[in-house]
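Notes follow the structure.
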Amino acid sequence: MAGTTAEYIQHHLTNLTFGQLPDGTWAFAKSAEEAASMGFMSINVDSMGWSIGLGLVFCFLFRKAAVSATSGIPGGLQNGVEMIVEFIDETTQSIFEAKNALIAPLALTIFIWVFLMNLMDLIPVDWIPELAFLLGVPYMKIVPTTDPNITMAMAFTVFALILYYSIKCKGGLGFLKELSFHPFPPYLAPINFILEGVTLIAKPLSLGLRLFGNLYAGEMIFILIALMFGGGIIWFLFGGVLQWAWAVFHVLIITLQAFIFAVLTIVYLAQAHEVEEH
């Protein structure tokens, strides 16, 4: 494991990357510089593995709750799932006025999946990376939402749905008019198009970068707190208190960020379905 403070931080912020090296061979990167040199032809294996694995956990838990559901006295899992489903359903109905059976399940999937990925941030930063290092795996980031590739992939998927429903509900010409004739009079269409185009492009950026930025900052704070444990008994005790306090506060952050991503998805898709002015 890395020795200096800089090496320790860099190690914990480096993904397990597989890609093509400058000599044309394919392999796992052995350093952050080597991972950067792979460029586009690479994949962050840890981010993909943990995100897919947590998605399967989500499917398993909700399927188990559905299969074991009873009309009698429900168990803890059924109670929890029902509360979450009702909460997301009520939130969707309060925002989304059109009829589309996809929106509520999509919002539920986003909320739970993002929450589970964010929840990994509460695992002590050294446990799994240290274990992976002992097993011969050089890097292991376990919080997928600290990887912009994951957050922006989710954001651009939502963006694709925004474009699809905008064109489907308003028509290609209607969508173009929406971009060109608002908010200023039609004779300022070029200015309108630039302004509305920026607003449209800002939607996936606001989704992906907000989630990434908040979770990356939270992970960085955990790493900095962990450095205190090697500074003697006073710093060890102080770091323990800080870690506990930040973890308690971070529970709110990881939940809020998952909720914001889900709600903004509903809001953006609701806007895509608005056709009153066209």
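Read the figures in this text as sums done on the coordinates, not as results from a lab. Remember, predicted model here, so these are calculated numbers, not experimental data. Positions of Cβ are backbone-derived with ideal geometry, glycine not excepted, and every protein chain shown enters the neighbour counts.
Ranking of Lys141, Lys64, Lys203 by neighbouring Cβ atoms within 10 Å, starting from the fewest: Lys64, Lys203, Lys141. What whole-number distance in Å separates the alpha-carbon centres of segment 115-177 and segment 1-45? Each part's Cα centre sits 19 Å from the other's. Within the shell defined by Cβ-Cβ distances under 14 Å, the residues around Asn118 carry a net charge of -1, with Lys and Arg each +1 and Asp and Glu each -1. Per residue, the chain reaches -24500 deg cm²/dmol at 222 nm when only DSSP H runs of four or more residues are counted, each adding -39500 (n - 2.57). Each of Leu252, Pro186, Ala226 was placed along the dipole of segment 162-258 (beta-carbon charges, centred on the mean Cα), and the one lying farthest toward the positive end is Pro186.
On the beta carbon distance between Met220 and Thr157, with R0 = 25 Å, the FRET formula returns roughly 0.40. For the pair Glu7 and Ile194 in one chain, pulling the backbone fully straight at 0.36 nm per residue adds 62.9 nm over the alpha carbon distance.
Distance between the C-alpha centres of segment 61-111 and segment 235-278: 19 Å, rounded to the whole angstrom.
Within the listed set Pro148, Pro129, Pro22, the Gaussian network model of the chain (springs between alpha-carbon atoms below 10 Å) gives the highest mean-square fluctuation for Pro22. Relative to the current alpha-carbon distance between Ser94 and Gln271, full extension at 0.36 nm per residue lengthens the span by 62.4 nm.
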